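The block underneath contains the structure these notes are about, expressed in structure tokens.
The values are calculated or read from the model by the stated rules, or taken from the named source; none is laboratory data. It should be emphasised that the depicted structure is a prediction, and the values quoted were computed from it without experimental measurement. Neighbour counts are summed over all protein chains in view; Cβ atoms, including those assigned to glycine, are modelled from backbone coordinates with ideal geometry.
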Amino acid sequence: MDSENMRKTGKMSASANARKHGNMLAMVALVGLVIAAVLGIGIVVSMMMMSQKRTQSKIETLSLAMATAINKDDWVGEMNNMTEFSRELVHTSRTVFNATNERYTRMKPLATLLLEEARQSALLVESERKDLTVLLLKDLQKMTSDAENQKENQTGMKLPGVSADATQLKTVDAGYIDGVLSNLTSADGLPELRDYDLQEKYITPKSFVYLSNINAKLPAPDDDLNFQICSLASPSKKSIAPVRLTSNSVFKKLMTVGPEVGNDFSKCKQLPSAVQVVSSSKISGVNQLQDSMSVTISAAAQGAGLKLP
């Protein structure tokens, strides 16, 4: 009986050891699966972070290049100046015409000629401003297209079981930075025009700087002329604001320039002074896990120069 009990006890002990060993193996296998899953997720997260950093660097470089192209050679600043000068010329010509018509009627034909030339000059400046707007937007569109073409020659990042596609441009918008005024100041020698501008809220009350993105129309009968003034930082203490990255929240869109084509740039009412680029890259990981990483960068053009056109 004792030997029989010993055999039974031995069998029970062996069975218990087997179950214990099996449980340990299952636990080890489970821990191994958890570790593998954590490592897989860690690799994907690391890949996403590396991809974002690489994408952000590329988009920052592209955004700064585009912002530099906007006010290259102070084109936008000079056009703003020309718009203000032509406006002042029309105002003074109208003032002279009215005074001549009242006091020196014999000189009326000359005053009429000078007024008409001033008005035609304003129309010419406005036409050139529109052409410059279209030209700048087309340049930004071409830079977008060139960046997209370079993407075809780029390869993504790859690690065992994880890959990141090349950066893709989603949208490129031209616009301006909210809160930035124009580079123009109301002329001290034209108090009547300054009073009118204050009344119409075209300029700030204290510094007399023209607000941005306005159509500073003159009173009738010259209210048929357009004087579009865009946003552009003015020189400060002989220092010109450089091309710079800025917060996305203060960027205001005027028109999309890419990557799609076919936009009617002639509908853009103001000259741009900033750009915003939105890009994305797709991350593919273990267990067919996929995600996309989006990067948005905004950049402002350099401010107006110190020289007159």
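Structure above, values below:
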| read-out | value |
| --- | --- |
| R194 surrounded by fewer than 18 Cβ atoms within 10 Å (Cβ to Cβ) and over 29 Å from the mean Cα position of the chain (by Cα) | yes |
| Residue match in region 168-182 (condition: among the charged types (D, E, K, R), in a loop (DSSP other than H, G, I, E, B), at pLDDT 85 or above and surrounded by fewer than 16 Cβ atoms within 10 Å (Cβ to Cβ)) | yes |
| In region 144-160, residue modelled with the highest pLDDT [restricted to those that are touching a Ser or Thr at 6+ places or on another chain (Cβ under 9 Å) and in a loop (DSSP other than H, G, I, E, B)] | Q154 |
| Residues being without any contact (Cβ under 8 Å) to a residue 24 or more places away in the chain and more than 18 Å from D74 (Cβ to Cβ) - total across region 238-249 | 1 |
| T92 part of a helix (DSSP H, G or I), out of contact with any Gly (no Cβ under 8 Å at 6 or more places or on another chain) and more than 27 Å from D264 (Cα to Cα) | yes |
| Only listed residue being outside any strand (DSSP E or B), modelled with pLDDT of 95 or more and of a type outside the set (S, T, Y), chosen from P221, P242 | P221 |
| Residue match in region 292-301 (condition: surrounded by 13 or more Cβ atoms within 10 Å (Cβ to Cβ), part of a loop (DSSP other than H, G, I, E, B) and modelled with pLDDT of 95 or more) | yes |
| Leading residue by the ranking (surrounded by the most Cβ atoms within 10 Å (Cβ to Cβ)) among those in region 112-152 that are among the acidic types (D, E) and more than 30 Å from T55 (Cα to Cα) | E126 |
| Tally of residues being touching a residue at least 40 places away in the same chain (Cβ under 8 Å) and either hydrophobic (A, V, I, L, M, F, W, C) or closer than 22 Å to F251 by Cα (or both) across region 179-206 | 9 |
| Flag if A187 is surrounded by 13 or more Cβ atoms within 10 Å (Cβ to Cβ), under 29 Å from S93 (Cβ atoms) and modelled with pLDDT of 95 or more | no |
| Failed condition for E117, given (1) closer than 20 Å to P272 by Cα; (2) at pLDDT 95 or above; (3) assigned to a helix (DSSP H, G or I) | (1) |
| T9 vs. criteria of a type in the set (S, T, N, Q), at pLDDT below 60 and part of a helix (DSSP H, G or I) | yes |
